[in-house]
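Here is the structure we will look at, set down as C-alpha cells.
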Amino acid sequence: MKRKKLYWFAGFAILEVLLSAEFLPGQIHAQQASSQQPKPATHAFSYEGGTSLFKAYSYPYVPPPSLTNSPQINQLIQNNKLELSLDNALELALQNNLDIAVARYELPLARLDILRTKSGGAARGVQGAVISNALFTGAIGVGISSFSGVSGVSAGGFTGGGVINTGFVGCCDPVAGVSFGWNNNKTPLNFTQLVGIPVEGSHTSQYATFFGQGLMTGTSYTVAVTGQRQSTTSLNALFNPAIPTGLTVGLDQHLLKGFGYRANGVFLRIARNDLHVADTVFRQQIINTVAQVLNAYYLLLADRDQVRVAQSAVDYSQKLVIDDQKQVQIGTLAPLDVVQAESELATDQQNLIVAQTTYLQQQEVLKTMIAKKVSPELASVAIHPTDTLPEPKPGDVPPLDEALKLALINRPEIRQDELNLRNQYYVIQSNRNGLLPSLDAFATYAASGLSGLQVVRGPSGSLIETIPGGFGDSLRDVFIGKYPNYSFGLTLSIPLRNRAEQANAAQALVEEHEMETGLQREKNQVAQDVRNAEIAVTQAKAQIDAAIKARVYAHQALIAEIKKLREGVSTTLDVILMQRNLVTAEGNEAKARQTYAQSLVQLGQATGTILDMHHIVLADPRTGRYERQPNIPGTPTTGN
C-alpha cells in the first residue's frame, strides 16, 4: 500500500511539471493566437513559434526548395519560339531566378534568429547585418544548473536551517525536470544510545520535480516539490517509514547589472532588426536581378539589330556582285572588280554568322536568368523578343536634386547601414548596463512536511502502538505552512577597475563611429552613382542623335556612289567603302540605342527606383512574396 502511494506521488509530480509547462499565462495567449489561424496543409516548421511542446524533441520539417520552372514559360512557347516581352522576362525572372531564390532564404533565417533569441540564445546574424564584438556575456542568466534549493528535508528531521537561495535560471524557455532515486544502506555504529541497535539499516526512495524560468527583465523564478520515503531499523525513529515532503518557491532578481529588457533583450532586439536587414538584402538582390534581366533583354534586342545590319550588308554585297557581273559582261567593268566585290561579300557573310551566333549566345544567357533550369524543351526553342529598345524622351532624366533625394530614400545599401547603426545603438545600451556592479536580490519560501507510520514506544523501547500516517498528511503540512522557512538576501559583487566591461563599452562606441563614417561614405558613393547615371543618359541621347544623322548621311552617300558607278564615274572599291560606312553607321545606331536603354537601367539602379519603374512591389518581406502591378488599369496582378 505504501509503495502504491509512492508511485502515485511520482505520477502526480510528472503531471504537475507537464501542466505547469503547458499552461503558463504567456503560452496560453500564444496558443489562443495560433488557434485562430488556419493550419497549413503540411506540418512545416513554424518560424515564429517553433513546434508544440510534444514535438519539441523531434527533428523539424522544412519544405524542400522547388526547382521546377513556373508554368508560364511553357505557355509563352508558340510555333517553336518563346514569345517574350520585357514584362514577361521580368515576371519569369521574379518567379524562377535562382539568385532571387537564394536571397529569399535570408528571410526565414532572420525569423529563425528571432525564434532563437526568444529562447535566450544569441543572434547569429544574416547577410548584410553586423553583429558587434562588444556584446558582453552573462546577462541572460546562469542556467538551471545553479538551482540548489530543493533539499531541505530528510527522514531524520529538518536539516540545514541556513539561508536558502534557489539561484538564477537561464532565460527564456522554461525548464522542468523530475528526478527519482533509490538507496538501500546498512551502517555499523560504535554506540547504541542513538538508534538502539549496533547496525542501522535504511531503505530510501527519493523523488523531486522542479520548474523554472528566466525572464527578459532579469527575473528568475523556481518552483520545486521534493519528497522521500525512508524506512529504518532504528528503534528510536519517530516515524517508520517516514515520508518527508517539501515545497520551495524561489524568486531572484538582478537589480543593477542584468536588470531590464535593454540588458537582457539585446539579442532579440538585434534579431528583430535583422529581419529588416534581410528584407533590404532581398530587395537589393531583386534590384540587381531586374537590372541584369533588363540589360540582357536590351542586349538581345541590340544583337538582333546587329543581325539585321549584318544581313543588310550581305544583301548590299550580293547586289553589288550581281551588278558588277552584268557590267563585266557588257564590257564596262574590269573582272577584278567582281573579285573585289565577292571578297567583300565573303567578309559580310562571316560577319553575319558572328552576329547570328552572338544573338544565339545572348538568348542562352537570358534563358538562364528567367528559368530555374533550362529544360530540353526550353533549350530547343529560340527567343523571339516582342519589344523594342526604348526611344529617348524629354523627361527621362529627373533633376539632379530630385534624383539624389530619391536615391537616399530608396537605395537598400543606405537602409542597411542605418539598420546596422540601430543594432549598434542596442549594443551600446546593453553595454552601458554591463558597466554596473552586480547586485542581486532573492527571496525564497520553503515549506516542509513530515509524516508516516508513527511508532510509540515505552521507556524500555517496547512497542506500545502505531499511529497511521502517510503522504497525504505530509503534503498537508506543506500546503498549510506548518513548518515554513523564509529566506531573503542580497548579493553585491563589485569588479575592481572593471577593465573588461570598459573595453567592451569603448569598443561599441568605436564601432558606432566606424559605422557612421561608413554610412557617409555610402551616401557619397550613392551621390556619385546618380551623377554618373544622369551623365550616361545624357551622353547616350546625344549618341543616338549623332548616330541617326550619320546613318542617314551614309545611306544617301551610298545611293549616290552607286549611281556614279552605274554612270562609270566611280569604282567598285568606292561603293564598298560607302557600303561599309553605312553598315558601321547602322551598327553604331543600334549600339547607341542599347547604351541609352542600359543607361536608363543604370539610373534606375542609382536612384533605387528601378522596381517602381517596372511596377514591382514587395508584398510580404517576411516571406519574400512580391506583386507586380499592371500597366493597364483593371488587369489582374501577378505574384509569387
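Structure summary
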{"read-out": "Criterion (of a type in the set (D, E, K, R) and either assigned to a strand (DSSP E or B) or open to solvent by less than 10 Å² (accessible area, probe 1.4 Å) (or both)) met by exactly one of Asp473, Asp440", "value": "Asp440"}
{"read-out": "Unique match (being open to solvent by 40 Å² or more (accessible area, probe 1.4 Å), farther than 30 Å from Leu600 by Cβ and of a type in the set (D, E, K, R)) among Lys405, Lys373", "value": "Lys373"}
{"read-out": "Yes/no for Leu378 being buried (at least 16 other Cβ atoms within 10 Å of the Cβ) and either closer than 27 Å to Ile77 by Cβ or out of contact with any Lys or Arg (no Cβ under 6 Å at 6 or more places or on another chain) (or both)", "value": "yes"}
{"read-out": "Positions within the range 591-615 being open to solvent by 10 Å² or more (accessible area, probe 1.4 Å), over 18 Å from Pro394 (Cβ atoms) and touching a helix residue (DSSP H, G or I) at 6+ places or on another chain (Cβ under 7 Å), in sequence order", "value": "Lys591, Gln594, Thr595, Gln598, Gln602, Gln605, Thr609, His614"}
{"read-out": "Subset of the range 534-568 (residues that are of a type in the set (Gly, Ala, Ser), within 16 Å of Ala585 (Cα to Cα) and either part of a loop (DSSP other than H, G, I, E, B) or at pLDDT below 90 (or both))", "value": "Ala554, Ala557"}
{"read-out": "Test: Ala208 is modelled with pLDDT of 90 or more and aliphatic (A, V, I, L, M)", "value": "yes"}
{"read-out": "Matching residues, the range 220-243, being open to solvent by 30 Å² or more (accessible area, probe 1.4 Å) and either within 21 Å of Leu255 (Cα to Cα) or acidic (Asp, Glu) (or both)", "value": "Tyr221"}
{"read-out": "Any hit, the range 490-503, residues being in a strand (DSSP E or B), more than 44 Å from the chain's Cα centre (by Cα) and modelled with pLDDT of 90 or more", "value": "no"}
{"read-out": "Tyr316, sole failed condition from (1) in contact with a strand residue (DSSP E or B) (Cβ under 7 Å, 6 or more places away or on another chain); (2) open to solvent by 60 Å² or more (accessible area, probe 1.4 Å)", "value": "(1)"}
{"read-out": "Considering residues of the range 569-590 that are open to solvent by 60 Å² or more (accessible area, probe 1.4 Å) and part of a loop (DSSP other than H, G, I, E, B) only, the residue farthest from Ala355 (Cα to Cα)", "value": "Val569"}
{"read-out": "Residue list for the range 165-219, restricted to those being open to solvent by 70 Å² or more (accessible area, probe 1.4 Å), assigned to a strand (DSSP E or B) and without any contact (Cβ under 8 Å) to a residue 40 or more places away in the chain", "value": "Trp182, Asn183, Asn184, Lys186, Pro188, Val199, Gln206"}
{"read-out": "Members of the range 239-276 found to be of a type in the set (A, V, I, L, M), touching a Leu at 6+ places or on another chain (Cβ under 8 Å) and either modelled with pLDDT of 95 or more or more than 13 Å from Ala110 (Cβ to Cβ) (or both), listed by number", "value": "Ala242, Ile243, Leu255, Leu256, Val266"}
{"read-out": "The range 375-410, residues that are among the polar types (S, T, N, Q) and not in a helix (DSSP H, G or I)", "value": "Ser375, Ser380, Thr386, Thr388"}
{"read-out": "Helices (runs of 4 or more DSSP H) fully within the range 58-144 counting 3 or more residues that are open to solvent by less than 40 Å² (accessible area, probe 1.4 Å) and either modelled with pLDDT under 90 or not charged (D, E, K, R) (or both)", "value": "86-96, 98-104, 106-118"}
{"read-out": "Number of the exception - Leu436 against (1) touching a strand residue (DSSP E or B) at 6+ places or on another chain (Cβ under 9 Å); (2) within 27 Å of Gly212 (Cα to Cα)", "value": "(1)"}
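The values are calculated or read from the model by the stated rules, or taken from the named source; none is laboratory data. Every value quoted in this text rests on a predicted model; they were computed, and no experiment measured them. A quick note on method: Cβ atoms are made from the backbone with ideal geometry, for glycine too, and the neighbour counts reach across all protein chains shown. Just so you know, the surface numbers come from the protein's heavy atoms only, side chains and all, with ligands and any DNA or RNA stripped out. Shrake-Rupley method; radii C 1.70, N 1.55, O 1.52, S 1.80 Å.
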